[in-house]
1. Could you please give the count of residues in the range 355-374 that are within 20 Å of residue 260 (Cα to Cα) and either outside the structural domain of residue 387 (by TED's automatic domain parsing) or in a helix (DSSP H, G or I) (or both)?
2. Restricting to the range 389-419, and then to whatever is in contact with a helix residue (DSSP H, G or I) (Cβ under 6 Å, 6 or more places away or on another chain) and assigned to a loop (DSSP other than H, G, I, E, B), can you tell me which residue is nearest to residue 358 (Cα to Cα)?
3. Do we find that residue 409 is within 43 Å of the chain's Cα centre (by Cα) and without any contact (Cβ under 8 Å) to a residue 24 or more places away in the chain in this structure?
4. Sort out which residues of the range 330-354 are at pLDDT 85 or above, more than 17 Å from residue 412 (Cα to Cα) and in contact with a helix residue (DSSP H, G or I) (Cβ under 9 Å, 6 or more places away or on another chain), and write them in order of number.
5. Can you name every residue in the range 366-391 that is closer than 18 Å to residue 317 by Cβ and under 41 Å from the mean Cα position of the chain (by Cα)?
6. Would you point out the residue of the range 161-179, among those that are at pLDDT 90 or above and surrounded by fewer than 19 Cβ atoms within 10 Å (Cβ to Cβ), that is farthest from residue 53 (Cα to Cα)?
7. Give me the helices (runs of 4 or more DSSP H) completely within the range 1-80, filtered to those with at least 2 residues that are over 22 Å from residue 201 (Cβ atoms), more than 32 Å from the chain's Cα centre (by Cα) and modelled with pLDDT of 90 or more, ordered by residue number.
8. Test residue 84 against the criterion of being within 17 Å of residue 27 (Cβ to Cβ) and crowded, with 19+ Cβ neighbours inside 10 Å, and give yes or no.
């Protein structure tokens with residue numbers, strides 16, 4: 001009983017706010033209460049019915065954004081105007097009766113005169129609202145055509161259509177759109193249609209089409225006066241297709257490994273004769289070698305001699321995270337392994353980081369890259385900085401006895417002042 005009373009109070013406040021065009025109050029009620037936005041009042045009107053008949057565009061947009069719709073019974077021809085006339089006639093009779101009763105009660109000094117006067121004011125307000133709704137309905141016309149109707153291919157069985165609202169809605173908010181598609185240019189025989197209620201997202205993907213078939217699409221807008229004229233798409237037709245369907249086309253990744261190997265061979269053959277050897281593949285260590293490497297790594301890792309940074313300052317650092325399940329390896333000082341690459345960094349360090357990400361795909365070639373950089377005889381800041389990055393990698397690999405340092409991530413750390 002208490003819940004029903006609370007629901008009734010919120011419902012009454014909701015309709016009262018819509019009728020009095022209190023946009024902020026309606027927004028607050030919709031935000032804080034799980035109210036059925038499509039419930040009808042005692043006159044069978046939903047909140048959206050009232051908003052569009054009073055031509056309150058902002059209210060209608062707010063209600064539509066919250067899933068509001070008109071009462072479906074008023075979609076029938078003349079149903080809305082018939083209902084309005086009936087309600088107006090009823091209100092006029094009640095006002096006439098209340099006025100007569102007030103006049104008679106004044107003559108006999110009836111104590112109910114005050115209550116009758118209050119009822120009369122409420123019904124006069126109701127009559128004004130109904131009259132305004134009728135006037136709004138009679139002056140409205142069906143909306144113009146939607147604009148910028150664009151048609152594109154989405155897949156081999158789907159098309160995507162997007163559009164914008166009409167330039168002129170002719171006195172009533174657009175509450176839905178109809179999207180039609182057909183294989184005939186004259187639209188005599190439709191292949192399908194869809195009613196789009198979400199007026200915030202004016203686009204739709206037509207699914208389940210026949211691959212290779214030409215489809216024509218058109219869109220029309222709807223307000224309380226019905227659907228307006230249709231607008232055909234631009235281009236006027238499209239064929240569901242995919243680049244994979246092209247004849248004599250190979251898959252995107254076909255033969256890619258061979259091409260990469262061929263590219264590597266060309267790079268290797270173009271190197272100077274005195275350059276370090278580039279191996280086609282990294283040698284795999286035997287299980288016994290792996291165990292020896294792990295023992296050596298752990299021994300070096302826990303030596304007391306400091307090999308990692310403990311106190312960081314402004315600069316570039318390289319750190320690695322070695323973990324197993326929920327455990328992470330740290331140094332004897334409970335720090336993750338961190339080495340300093342450079343105490344300064346160039347202005348275009350973003351480009352250097354992109355280059356460094358490529359290095360991370362071939363950690364085993366760090367020594368080779370260092371050798372090549374040393375032979376470049378360049379004193380540019382970029383070459384020097386990249387050489388320092390490689391030196392930091394080599395140092396970290398040597399101390400940890402791990403060549404593969406994993407996936408590379410870049411994270412700038414700033415202080416409270418944003419420096």
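1. Initially, the range 355-374 is screened for residues within 20 Å of residue 260 (Cα to Cα), giving 355-366, 368-369.
The next check asks that each one be either outside the structural domain of residue 387 (by TED's automatic domain parsing) or in a helix (DSSP H, G or I) (or both); those that pass are 355-359, 363-366, 368-369.
Total satisfying the criteria: 11.
2. Top of the filtered list is 408.
3. yes
4. 337
5. Filtering the range 366-391 for residues closer than 18 Å to residue 317 by Cβ gives 366, 384-391.
Within the range 366-391, 385, 386, 389, 390 qualify.
6. Result: 162.
7. Qualifying helices (runs of 4 or more DSSP H): 2-19.
8. Considered against the rule, which asks whether it is within 17 Å of residue 27 (Cβ to Cβ) and crowded, with 19+ Cβ neighbours inside 10 Å, residue 84 comes out as no.
The values are calculated or read from the model by the stated rules, or taken from the named source; none is laboratory data. Bear in mind that the values here come from a model prediction, so they are computed numbers and not experimental data. Heads up, the Cβs are rebuilt from the backbone with ideal geometry, glycines too, and the neighbour counts pull from every protein chain shown.
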